[in-house]
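Derivation of every value follows stated rules applied to the coordinates shown; laboratory data play no part. Everything numeric in this text was worked out from a predicted model, so none of it was measured. As a convention, Cβ positions derive from the backbone with ideal geometry for all residues, glycine included, and neighbour counts pool all protein chains shown.
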Amino acid sequence: MTAYYNGFPQSDKDEKIDMINLDELEERAKEVMPEGAYYYIASGSENEWTWRNNTTAFNHFQIVPRALTNMDNPQLDTEFMGMKLKTPVMISPIACHGIAHKDAEVATQKGAAAAGALFASSTYGNKSVEDIAAAAPDAPRFFQLYLSKDWKFNQMVFDAIKQAGYKGIFLTVDALVSGFREANLRTQFAFPVPLDFFTRYQGAKGEGQTVAEMYASSAQKIGPEDVRRIKEMSGLPVFVKGVVCAEDAYLAMGCGADGIYVTNHGGREVDSGPATIDMLPEIAQAVNHRVPIIFDSGVRRGSHVFKALALGADIVGVGRPYLYGLALGGPKGVQSVIEQLNTELLIDMQLTGCKTVEDIKHAKIAHINYTADNLKSNTDPSRIKPYPVTAENQMKDDDSDAVSGASHS
């Protein structure tokens, strides 16, 4: 079945996904998502060099197997910021889950909770933080903040997330403006489903606006004094999200950040920037265990999670694949994505003698660089493939006010 919001098709599935690996889901998601919404997820900025190499660069590091370890039955349980988790895999924050499923962030939270994973929701979420919290009251969750120019708006957000039991804030500092996202321009994508915080504050739905227009409402300059102010106003721990060099890690810790979030926004902002995994070792050395480190961008395999942990991360986020899982299977689809990574990670732990997540942080990693690609983006006319037309992914022609960039039969 497919639900519709003003003609925009939304999955209503809730089923486990049969898969061999996460890469399969990217192509399968086309069958249930409109074209514009799909490419909002499945794209990066400009030529998408950084987006691709976020994953490719994991090959610069190699897991060294260990023998005669006399170890079996590895365990994924870990603790982070006082929260007990069943896995070091985290659901990274992404805007507008309603493009993948009718229950949006509520469904994602349910899937994360079922897997025992940390969940992070966005300022640009469709569902209210109250509804997200009610879906899994005891589940651990953080909030990604797009700092507004309007501090009354910011205070409203802080009050809401604290009341809803969120345990901390990820302050996004690497997306002051939108990257040049060619896929969004080619499909004329605009947010098709209302964004809760905009609705409750201004009565504006945040619907029908482009990504660039949404970013324009956020602060275009953020400095150390903002970190201090957010900590004071919210009373919550604040991680600086968007750190990709040692200098910025020092700066963030110097202004009181409670943690460092290593990410390049999944290759959606500065193209030709370095892959996050290549920058993680220097950041970890600068941090030197003084505050926790979260890592994301490009994670598609359990081995990627292993490498990030071994190179200095405490928690490893996955992004796009869980939205494909959400579209294909709802809450259980999200759970399936996390469990797939867990399955692969446990194999790597067994074959390296790592009994616990803490052991992974001391595993032996080799480092050999490989030449990366320089392909054009997947939506460049020379590479784009015909988009499938199915009964589930089409706009309804009688709803002319819908905005999605969907193809029509």
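Of note:
- Order of His101, His367, His60 - criterion: other Cβ atoms within 10 Å of each residue's Cβ, fewest first: His367, His60, His101
- Estimated vicinal HN-Hα couplings, Hz - the stretch 235-249 in sequence order (Karplus 6.51, -1.76, 1.60; Gly, Pro = x): x, 10, x, 10, 9, 8, 9, x, 8, 10, 8, 4, 4, 6, 5
- Put simply, when 188-194, 70-76 are sorted by average Cβ atoms within 10 angstrom per residue, most first, you get 188-194, 70-76.
- Placing R0 at 45 angstrom, the Cβ-Cβ distance between Ala216 and Arg66 gives a FRET efficiency of 0.30 after rounding to 0.05.
- Three-way shape call for the stretch 165-291 based on the alpha-carbon gyration tensor, with the a/c threshold at 1.5: oblate
- Cα gyration tensor, the stretch 4-84 - rounded (a/c under 1.5), prolate or oblate: prolate
- Each peptide among 324-333, 147-156, 261-270 gets the average number of other Cβ atoms lying within 10 Å of its residues, and from highest to lowest they stand as 324-333, 261-270, 147-156.
- Between the stretch 115-185 and the stretch 1-56, the alpha-carbon center distance in angstrom: 21 Å
- Cα shape, the stretch 234-274, gyration tensor, a/c 1.5 rule: oblate
- Under a 5 Å amide H cut-off, with hydrogens placed 1.01 Å from N, His101 pairs with Ser11 among residues at least 5 apart or on other chains.
- Here the Karplus relation 6.51 cos²θ - 1.76 cosθ + 1.60, evaluated at θ = phi - 60°, turns the backbone of the stretch 57-64 into coupling constants of 5, 4, 6, 5, 10, 10, 6, 8 Hz, with x for every Gly and Pro.
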